[in-house]
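Structure first, commentary second.
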Amino acid sequence: LAAPASARDLAGLRVLISAGGTREPIDPVRFIGNASSGLMGYALARAAVLRGAKVQLVAANVELPDPAAAAVSVVGTTAELQEQMLKYAAEADIIVMSAAPADFRPETAAGQKIKKTSAEQELDLHLVQNPDILLRLVTERTDPDQVIVGFAAETAPDPEQLIELGRAKLARKGCDLLVLNAVGGGRVFGRSDSEIRLLVADTDSGADDAPDDGAASQPHAVAGSKDLLAHHIWDAAGKIRSRR
Ligand code: CTP
Ligand code: CA
């Protein structure tokens, strides 16, 4: 580990973490969702508690035990996730959007269970786009010292294109740090281990900054348990915070 778990380097900091995957109802028994388990977000919460932070989790459809000493707010849909994130955002020193929000939702959810009426019947679902929570958190940030961390789940044929997609997403979102995951082929979702690359946003302050360790220019892959990766993410977020 880059930092021993005994280092309480996040003591006194309030962190807000989203975890899991949102679900958008089609009818009372069906939904559109994704394969996010919440393992990464919960690992981040446990690691932050160990490092002394006060932790608020917002959990979307997570079937894991609540991390000790973290407050947990339970949500279902992207709209509910957004509401809870906005509720806690102003008082957070570091925000980590590790949840996978459903990007689209049915424009209307049926009040009753949708029934099949014939063997030929087809069903069209009209989906509308959900709000981008991370983008909104960045846009509405009031505390300039607040550090905002995003995740990116991408499928790419090689590391160069993966990093390219990650850089584009980091720029588009405007967050301070992006945790880049290659997904697909049974990787990442629902597994206890993962492989990440950390992309740090360029800072304007340039000249005054301590020389970078190179992570920003040539992000290398770090593989391991999500608990280990959580500590790497807090190392990086803490470093950005300490430069503010
Ligand atoms: N995110 C969010 N609100 C959304 C969708 C995504 O806050 N409606 C956040 C995720 O929590 C993650 C980051 O944005 O931290 C990137 O999510 P990702 O799904 O990789 O990117 P999108 O912006 O949704 O773009 P796309 O899925 O089209 O690649
Ligand atoms: Ca998405």
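The values are calculated or read from the model by the stated rules, or taken from the named source; none is laboratory data. Everything numeric in this text was worked out from a predicted model, so none of it was measured. Cβ sites come from the backbone with ideal geometry, for glycine too, and all protein chains shown count toward neighbours. Surface accessibility is based on the protein's heavy atoms, side chains included, excluding ligands, DNA and RNA. Shrake-Rupley method; radii C 1.70, N 1.55, O 1.52, S 1.80 Å.
Descriptive notes on the structure:
- Looking only at segment 188-202, and only at residues there that are within 14 Å of Val222 (Cα to Cα) and of a type in the set (D, E, K, R), the one that is surrounded by the most Cβ atoms within 10 Å (Cβ to Cβ): Arg197
- Taking segment 1-71 as the region of interest, the strands (runs of 3 or more DSSP E) fully inside it that hold 3 or more residues being buried (at least 24 other Cβ atoms within 10 Å of the Cβ) and in contact with a strand residue (DSSP E or B) (Cβ under 8 Å, 6 or more places away or on another chain) are 14-20, 54-60.
- Matching residues, segment 147-174, being outside any helix (DSSP H, G or I) and either within 14 Å of ligand 2 (Cβ to nearest atom) or open to solvent by 10 Å² or more (accessible area, probe 1.4 Å) (or both): Gly150, Phe151, Ala152, Ala153, Glu154, Thr155, Ala156, Pro157, Asp158, Gly174
- In segment 120-144, the residues that are exposed (fewer than 11 other Cβ atoms within 10 Å of the Cβ) and not in a strand (DSSP E or B): Glu120, Gln121, Glu122, Leu123, Asp124, His126, Thr139, Glu140, Thr142, Pro144
- Among the residues making up segment 129-161, a single one is more than 17 Å from the chain's Cα centre (by Cα), modelled with pLDDT of 95 or more and within 12 Å of ligand 1 (Cβ to nearest atom): Gln129.
- Selection over segment 84-119 of residues that are open to solvent by 60 Å² or more (accessible area, probe 1.4 Å), within 16 Å of ligand 2 (Cβ to nearest atom) and in a loop (DSSP other than H, G, I, E, B) gives a count of 1.
Condition check ((1) under 20 Å from Val188 (Cα atoms); (2) in contact with a helix residue (DSSP H, G or I) (Cβ under 9 Å, 6 or more places away or on another chain); (3) modelled with pLDDT under 95) across all residues:
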{"site": "Arg14", "(1), (2), (3)": "no, yes, no"}
{"site": "Ala35", "(1), (2), (3)": "yes, no, yes"}
{"site": "Tyr42", "(1), (2), (3)": "yes, yes, no"}
{"site": "Ala60", "(1), (2), (3)": "yes, yes, no"}
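- Segment 175-187: number of residues that are within 16 Å of ligand 2 (Cβ to nearest atom) and surrounded by fewer than 14 Cβ atoms within 10 Å (Cβ to Cβ): 1
- Within segment 72-83, the set of residues being closer than 14 Å to Leu16 by Cα, open to solvent by less than 50 Å² (accessible area, probe 1.4 Å) and either part of a loop (DSSP other than H, G, I, E, B) or out of contact with any Pro (no Cβ under 9 Å at 6 or more places or on another chain) (or both) comprises Val72, Ser73.
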